[in-house]
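I have placed the structure first, in the form of structure tokens, so that the comments after it can refer back to it.
Every number in this text was worked out from the coordinates using simple rules, so none of it is lab data. It should be emphasised that the depicted structure is a prediction, and the values quoted were computed from it without experimental measurement. Cβ placement follows ideal geometry from the backbone for every residue including glycine, while neighbour counts extend to all protein chains displayed.
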């Protein structure tokens, strides 16, 4: 099986004439991911294979990350990258704290209540605000579980199993 890649940003546009790309960050660690000197892989529908690129400069502007890359000094060099995605390889994933998880680790996990009822599997993780919401699909339809201590009791990503407490109001 080939190497896995995870998206850390989407290329939405160019910025100015000096080869800067306007990036929408999709990572929780922008300072780490977009540090000058770091390598990212650019994936684009027009490219036969991803290009490994080194960050030459970084600044933030109006909620975007503005990045330029070594060897791509002008707008003409980077125009073709619009619509692409910047990714890291699996071995570059950050070590997380004990109670932190990557979304790709959670999706597909089986969810069981603390009373033993099987609710289904996590199909999506929403990030609407203060805490994430895990979307579980199963026998009862779709259930939204807030990622808070009162609700999520145990997460075992190795065995793809989550134990939750169904708080009042979560299920009709």
Selection from segment 19-30 of residues outside any strand (DSSP E or B) and under 21 Å from residue 130 (Cβ atoms) yields 26, 27, 28, 29, 30
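Residue-by-condition table, conditions (1) surrounded by 13 or more Cβ atoms within 10 Å (Cβ to Cβ); (2) within 29 Å of residue 125 (Cα to Cα):
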position: 20; (1), (2): yes, no
position: 26; (1), (2): yes, yes
position: 39; (1), (2): yes, yes
position: 44; (1), (2): yes, yes
position: 48; (1), (2): no, no
position: 54; (1), (2): yes, no
position: 64; (1), (2): yes, yes
position: 70; (1), (2): yes, no
Selection over segment 152-172 where residues are touching a strand residue (DSSP E or B) at 6+ places or on another chain (Cβ under 8 Å), in a loop (DSSP other than H, G, I, E, B) and within 18 Å of residue 107 (Cβ to Cβ) yields a count of 1
